[in-house]
Amino acid sequence: MLNLKIAETFRNLSQLFEIRQDNPFRTRAYERAAQAIEGLNEDIEIIAQEGRLREIPGIGEDLERKINEFIGTGKVRAYEELKKSFPDGLLELLRVPSVGPKTAKLLYDELRIQNVAGLESAIAKGKLKGIFGIKEKTIENITAGISLFKAGKERMPLSVAWQVAESFLKPLQDLPGVKKISCAGSLRRQKETIKDIDILIVSEKPQKIMHHFTSLPQVQEVIASGSTKSSVRTDDGIQVDCRVVMEKSFGAALLYFTGSKNFNIKLRQIAIRKSLKINEYGVFRGKAFVAGRKEGEIFKLLGMEYIEPELREDTGEIELARKGKLPKLITQDDLRGDLHTHSSWSDGNHTIQEMAHAAIRQGYSYIAVTDHSQGLTIANGLSVKDLLKKKREIEKVNNTLRRCKVLYGTEVDIDSQGGLDYPDEILKEFDIVIAAIHSGFKQSKEKLTHRMLKACDNKYVHIISHPTGRLWGTRNAYEIDFDAILTQAKDTNTALEINSFPLRLDLNDSHCRRAKERGVKLAINTDSHSIEHLQAARFGIAVARRGWLTSKDVLNTLPLGELLKAINK
Ligand code: DGT
Ligand code: CA
């Protein structure tokens, strides 16, 4: 899929324009196009083939031509030309959080810093100190940004890993001779970040499969190629390992290569106690093969229930499986609606009606359109006057719908003191209110916690959205006293959100588990700014499953009537 590459090209163009102090409208248009393309859940080449590029928000004639040029030639000439007038490492430098185009230009003009390595060494030598426009705090932020940047290079987010994995799984599964195919490793466990991708195949013609695998067009480098195992690197630098196994060993191999390592070790110890030996080929008693075809038969032989991949971390699941007491994990089919989305009333790309129809296609029976509140002008927050108009539009749309209801909602901003951006008499008019912090992330832990506790305390607030503010590769979670928040959420009947947006995934799996233990409800929302984003619910579901959640722990698995009752208790 070229989606991410095209988005990256447009983002780079936008940033180079900004450094050059080009027309700000053009600069923003490229950034907006990059965001829209990143958010697509469809292969952009297919959209182009079907002549639908202009339907992507922000794509006009010029960008349509550039996308087609990239699909045809692998490049955008205007970008290649522009790049030549800047040092090579400059774009890498711009990937560092806290280094925007202005800082990058300053660093280059003053110190001739051209890449991340140069920046690191300049900071170490104290060279940034005293440069006009760079404060002590800026240096601290850049230093933290460098470590985020480096961590982001080592592991990719789950959503990116799935895109890459699918670009391998799809062509391979259709090959004659492929009997079974599955991903394994951290991807199958749906961890939030993935180092490399593991694929397992059952086939009687391993060499043919290996040949196809290593010859796929996205493969840039073959790291190792054997008769049943090969490793390649894609043009994005991502490693993919593929193994072909025999059908009778498929379950054992899947179990072994899914891991986690700690889980495997514990399982092996249990096997030994039962005088069994377990490895990637099967389960053996002495030399006799006793099981291996399916994971299920191996778990049974070890005296335990089937353990879902997301639980396999050796954090208590094995013990529960032996007692037959594992939780029945939530699935995507359990979701009945989305409680956090944006429409074109604030900063979303689609109308309320379009969002509602997308929700119906997703099989939902409700969707809350929770546009931003008035103070968030950067996201086109709604004034009180606009709210009335929006409410009327929702009523109109609801009159045309039978199977789905649009809920009148807001994502109200929590201000720097914990106050809310609409007064209570406005808040009480909404069907659903979610509250979130959008600024002042650098406040102390006490202050941030206080803001959130205060927001929970407002009786009109139903959900706290993206509670830790983490943005993958860009911003670490801010510090909060999560235990205090759980107590307050429980006392005030406030739910906490799992924001499924791929670069947030906030709360994370361990937060979910703690919330569940304390009886705090969660809501799995997408924060959609476009109809395509609704499908990101699968990533929130992944977090919820890793956090041991069942459908009972999640608010938006309830039918509408029960949901409204539950939030207004
Ligand atoms: P990653 O790639 O860092 O995101 O995480 P994984 O879990 O995919 O790790 P990876 O790719 O190194 O290995 C895949 C699975 O293979 C791992 O989850 C468990 C199994 N495995 C790897 N090395 C060992 C080992 O030394 N001992 C045992 N028992 N299992 C291992
Ligand atoms: Ca792996």
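Would you check if there is a residue in the stretch 204-222 being more than 15 Å from ligand 2 (Cβ to nearest atom), under 28 Å from Met304 (Cβ atoms) and modelled with pLDDT of 95 or more? No; the residues of the stretch 204-222 include none that is more than 15 Å from ligand 2 (Cβ to nearest atom), under 28 Å from Met304 (Cβ atoms) and modelled with pLDDT of 95 or more. Would you check if Asp198 is in a strand (DSSP E or B), among the acidic types (Asp, Glu) and within 16 Å of ligand 1 (Cβ to nearest atom)? Judged against the criteria, Asp198 is a match. Condition check: modelled with pLDDT under 90 and away from ligand 2 (no atom under 16 Å from the Cβ). Does Ala144 satisfy that? So Ala144 fits the description; yes. Select from the stretch 513-551 the residues that are within 24 Å of Arg361 (Cα to Cα) and without any contact (Cβ under 8 Å) to a residue 60 or more places away in the chain and list them in ascending order. If the condition is that a residue be within 24 Å of Arg361 (Cα to Cα) and without any contact (Cβ under 8 Å) to a residue 60 or more places away in the chain, then Leu522, Gly540 are the ones that fit. Of the residues Ile318, Ile330, the single one that is away from ligand 2 (no atom under 16 Å from the Cβ), in contact with a Leu (Cβ under 6 Å, 6 or more places away or on another chain) and either among the hydrophobic types (A, V, I, L, M, F, W, C) or farther than 29 Å from Lys516 by Cα (or both) is Ile330. Taking the stretch 479-568 as the region of interest, the helices (runs of 4 or more DSSP H) fully inside it that hold 2 or more residues being open to solvent by 10 Å² or more (accessible area, probe 1.4 Å) and more than 30 Å from Glu42 (Cβ to Cβ) are 482-492, 509-517, 560-567.
Of the residues screened, Thr193 is one that is modelled with pLDDT under 95 and either assigned by TED's automatic domain parsing to the domain that holds Asp509 or of a type outside the set (A, V, I, L, M, F, W, C) (or both).
Looking at this structure, is Gly60 at pLDDT below 95, open to solvent by less than 40 Å² (accessible area, probe 1.4 Å) and on the phi < 0 side of the Ramachandran plot? Considered against the rule, which asks whether it is at pLDDT below 95, open to solvent by less than 40 Å² (accessible area, probe 1.4 Å) and on the phi < 0 side of the Ramachandran plot, Gly60 comes out as yes. Evaluating Ser249 against the criteria (1) in contact with a helix residue (DSSP H, G or I) (Cβ under 9 Å, 6 or more places away or on another chain); (2) open to solvent by less than 50 Å² (accessible area, probe 1.4 Å) leaves one unmet condition, (1). The strands (runs of 3 or more DSSP E) found entirely in the stretch 228-290 that carry 1 or more residues being touching a residue at least 60 places away in the same chain (Cβ under 8 Å) and within 16 Å of ligand 2 (Cβ to nearest atom) are 229-234, 239-245. When Ile426 is tested against (1) more than 22 Å from Ile378 (Cα to Cα); (2) β-branched (Val, Ile, Thr); (3) more than 25 Å from the chain's Cα centre (by Cα), exactly one condition is not met: (1). Close Cβ contacts (under 7 Å, 6 or more residues apart or on different chains) running from residues in the stretch 405-428 that are in contact (Cβ under 8 Å) with a residue 60 or more places away in the chain and under 23 Å from Gly363 (Cα atoms) to residues that are open to solvent by 30 Å² or more (accessible area, probe 1.4 Å) and among the aliphatic types (A, V, I, L, M) comprise Lys405/Leu560. Filter the stretch 166-190 down to the residues that are part of a loop (DSSP other than H, G, I, E, B) and out of contact with any helix residue (DSSP H, G or I) (no Cβ under 7 Å at 6 or more places or on another chain), then identify the one that is nearest to ligand 2 (Cβ to nearest atom). Ranking the qualifying residues of the stretch 166-190, first place goes to Asp174.
Of all residues in the stretch 157-169, which are open to solvent by 40 Å² or more (accessible area, probe 1.4 Å) and under 20 Å from Glu247 (Cα atoms)? Answer for the stretch 157-169, where residues must be open to solvent by 40 Å² or more (accessible area, probe 1.4 Å) and under 20 Å from Glu247 (Cα atoms): there is none. State which residue is most open to solvent (accessible area, probe 1.4 Å) when the search covers only the stretch 98-123 and only residues that are more than 32 Å from the chain's Cα centre (by Cα) and charged (D, E, K, R). Among those that are more than 32 Å from the chain's Cα centre (by Cα) and charged (D, E, K, R), it is Arg112. With respect to the stated conditions, Gly130 fails to be open to solvent by less than 30 Å² (accessible area, probe 1.4 Å), more than 16 Å from ligand 1 (Cβ to nearest atom) and over 30 Å from Lys205 (Cβ atoms). Within the stretch 338-361, is even one residue charged (D, E, K, R), modelled with pLDDT under 95 and in the same structural domain as Ser465 (by TED's automatic domain parsing)? Looking for residues that are charged (D, E, K, R), modelled with pLDDT under 95 and in the same structural domain as Ser465 (by TED's automatic domain parsing), one finds at least one in the stretch 338-361, hence yes. Residues considered: Ser225, Ser230, Ser182. Of these, the only one that is hydroxyl-bearing (Ser, Thr, Tyr), in contact with a Cys (Cβ under 6 Å, 6 or more places away or on another chain) and more than 12 Å from ligand 1 (Cβ to nearest atom) is Ser230. Within the stretch 437-459, residues that are at positive phi have Cβ atoms under 9 Å from residues that are part of a helix (DSSP H, G or I) and open to solvent by 40 Å² or more (accessible area, probe 1.4 Å) in these pairs: Gly440/Lys447, counting only partners at least 6 apart in sequence or on another chain. Which members of the stretch 237-279 meet the condition of being over 22 Å from Ile181 (Cα atoms) and more than 9 Å from ligand 1 (Cβ to nearest atom)? Of everything in the stretch 237-279, those that are over 22 Å from Ile181 (Cα atoms) and more than 9 Å from ligand 1 (Cβ to nearest atom) turn out to be Gly237, Lys266, Gln269, Ile270, Ala271, Ile272, Arg273, Lys274, Ser275, Leu276, Lys277.
Looking at Ile46, Ile71, can you tell me which residue is farther than 29 Å from Ser98 by Cα and loosely packed, with under 14 Cβ neighbours inside 10 Å? It is Ile46.
When Arg336 is tested against (1) over 16 Å from Ala523 (Cβ atoms); (2) open to solvent by 40 Å² or more (accessible area, probe 1.4 Å), exactly one condition is not met: (1).
Got a sec? Which of Arg65, Arg28 is surrounded by fewer than 16 Cβ atoms within 10 Å (Cβ to Cβ), in a helix (DSSP H, G or I) and modelled with pLDDT of 95 or more? It is Arg65.
Residues checked against (1) of a type outside the set (A, V, I, L, M); (2) within 16 Å of ligand 1 (Cβ to nearest atom); (3) surrounded by 14 or more Cβ atoms within 10 Å (Cβ to Cβ):
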{"residue": "Thr138", "(1), (2), (3)": "yes, no, yes"}
{"residue": "Ser147", "(1), (2), (3)": "yes, no, no"}
{"residue": "Arg155", "(1), (2), (3)": "yes, yes, yes"}
{"residue": "Leu172", "(1), (2), (3)": "no, no, yes"}
{"residue": "Leu187", "(1), (2), (3)": "no, yes, yes"}
{"residue": "Gln190", "(1), (2), (3)": "yes, yes, yes"}
{"residue": "Val202", "(1), (2), (3)": "no, no, yes"}
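For first residues located in the stretch 194-207 and under 9 Å from Ala184 (Cβ atoms), partners that are assigned to a loop (DSSP other than H, G, I, E, B) and within 8 Å of ligand 1 (Cβ to nearest atom) and lie 6+ apart or on another chain with Cβ distances below 8 Å form the pairs Asp198/Ala184; Ile199/Ala184; Leu200/Ala184. Could you say whether any residue in the stretch 216-225 is assigned to a loop (DSSP other than H, G, I, E, B), touching a residue at least 40 places away in the same chain (Cβ under 8 Å) and open to solvent by 20 Å² or more (accessible area, probe 1.4 Å)? Yes.
The values are calculated or read from the model by the stated rules, or taken from the named source; none is laboratory data. Since this is a predicted model, take the numbers as computed values, not measurements. Cβ atoms come from the backbone with ideal geometry, glycine included; neighbour counts cover every protein chain shown. Only protein heavy atoms, including side chains, enter the accessible area calculation; ligands, DNA and RNA are left aside. Shrake-Rupley method; radii C 1.70, N 1.55, O 1.52, S 1.80 Å.
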